[in-house]
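For reference, the structure is listed below as structure tokens.
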Amino acid sequence: MKILVTGGTGFIGSHTVVELQQQGYEVVIVDNLSNSQADVVDAITSITGIKPHFEQFDLIDREKTSAFFKKHNDLSGVIHFAAFKAVGESVEKPLLYYRNNLVSLMNILESMIENNIPNLVFSSSCTVYGQPDVLPVSEKAPIKKAESPYGNTKQISEEVIFDTVKSSKLNAIALRYFNPIGAHESAKIGELPIGVPNNLVPFITQTAIGLRNQLSVFGEDYNTHDGTAVRDYIHVVDLAKAHVVAVRRMIESKMKQSFEIFNLGTGTGLSVLDVIKSFERVSGEKLNYKIVGRRAGDVEQVWADPTYSNEELGWKAMKTVDEMTASAWKWEKVYRGKR
Ligand code: UFG
């Protein structure tokens, strides 16, 4: 059972490779290292004792992608993480995002069909729901117009996959992630944004370790319990485990339809201040933060209805917010050599 993990040296990808290997899958990673580092392969190896096969190339290169798939035409499935994901950057450079995220997907789909590789798991996002009218948000909620080119690439990708599945023997599962945070308990892999982090938790841990001066909390005038925006934070290892379940579901032909969609969240909404309080509680650190204006493009509140995933996949996010922030903090300290 050989699985290709694109973006396998990235944040969610690396945690998923570990879970796959620990469940007995052989893993091949393809990553162009545009937002990750090659030594993640060694970190994975030191956790699992198994070195994943790694190839560095860009999946927007059609020839290289095609050659790769010809060589690995015995794959049981593909988990496709590799994509650009910075919302703000996508507004500045939409074409970069459309080309990177869509061309790579199309190259992969073409190669999968050519080589009769039947199963695709796709990294999607709760961003497709925009600000939902009903909370918690289930998979039946309507897709709203995307707030950013990044979000639009996720919507378009789902449509491309849907149409491809209809016209071929391909099966696909789109997993719509809420807000993945935290790190592996070994602290050998974690979230490692290049440059100034866009996301809340790496900004918190980098501020606490002294790399950033102060965290800006974007907005306290939202219609939420404390005025700050609410999200469904999910531990990256819980998220990674859902990918293994999805792959197994496909391999064991348990799918109800050839294209399925699942929400991956905990079902609990937490505010920015709730996350900061959790971090302060588990770390014993006082975080330097300041309330500033809202960030453009942010929705007020979104959290998942994970009922369908829980029942249909037999999967549930287990880790608490304190486990999430504690693991993120442990990773930051180990990575910076302060522990
Ligand atoms: N936030 C701050 N200060 C920061 C960073 C974030 O207050 O320095 C706030 C944001 O305003 C937001 C919350 O923390 O209210 C979470 O922000 P993140 O950037 O961590 O996450 P987002 O919910 O904005 O984005 C995530 C993913 C995107 C995805 C989006 C869908 O990172 O890829 O969810 O909602 F598109």
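Note on Lys166: aspartates and glutamates with a C-alpha under 17 Å away, same-chain residues under 8 apart excluded, are Glu110, Glu114, Glu158, Glu260. Candidate cross-link partners of Lys277 among the lysines, defined by an alpha-carbon separation under 18 Å and a same-chain spacing of 8 or more, comprise Lys286, Lys290, Lys319, Lys330.
Across the stretch 177-279, the volume of the C-alpha convex hull divided among the residues equals 144 Å³ per residue. Each peptide in 301-308, 38-45 was scored by the mean count of other Cβ atoms within 10 Å over its residues; highest first, the order is 301-308, 38-45. Note that the stretch 21-169 carries a Kirkwood radius of 16.9 Å, evaluated over its alpha carbons pair by pair. The value obtained for the stretch 40-92, namely the Cα convex hull volume divided by the number of residues, is 130 Å³ per residue. Taking all C-alpha pairs of the stretch 264-339, those more than 15 Å from each other amount to 68 percent. Ligands, DNA and RNA aside, Lys51 has an accessible area near 130 Å² when probed at 1.4 Å.
Taking the helices alone, the chain has a mean residue ellipticity at 222 nm of -11500 deg cm²/dmol, built from -39,500 (n - 2.57) per DSSP H run of at least 4 residues and averaged over all its residues. Shape analysis of the chain yields a ratio of the Cα radius of gyration to the Kirkwood radius, Rg/Rh, of 0.95.
The candidates Val27, Val321, arranged from most to least accessible area with a 1.4 Å probe in the full protein assembly, appear as Val321, Val27.
Between Glu260 and Ala172, Ile173, Ala174, the built amide H atoms are under 5 Å apart, and every one of these is 5 or more places off in sequence or on another chain.
The values are calculated or read from the model by the stated rules, or taken from the named source; none is laboratory data. Because the structure is a prediction, the values reported are computed rather than measured. Quick reminder, even Gly has a Cβ in these numbers, built from the backbone with ideal geometry, and neighbours come from all protein chains shown. These area figures cover heavy atoms from the full protein model, side chains too; ligands, DNA and RNA do not enter into them. Shrake-Rupley method; radii C 1.70, N 1.55, O 1.52, S 1.80 Å.
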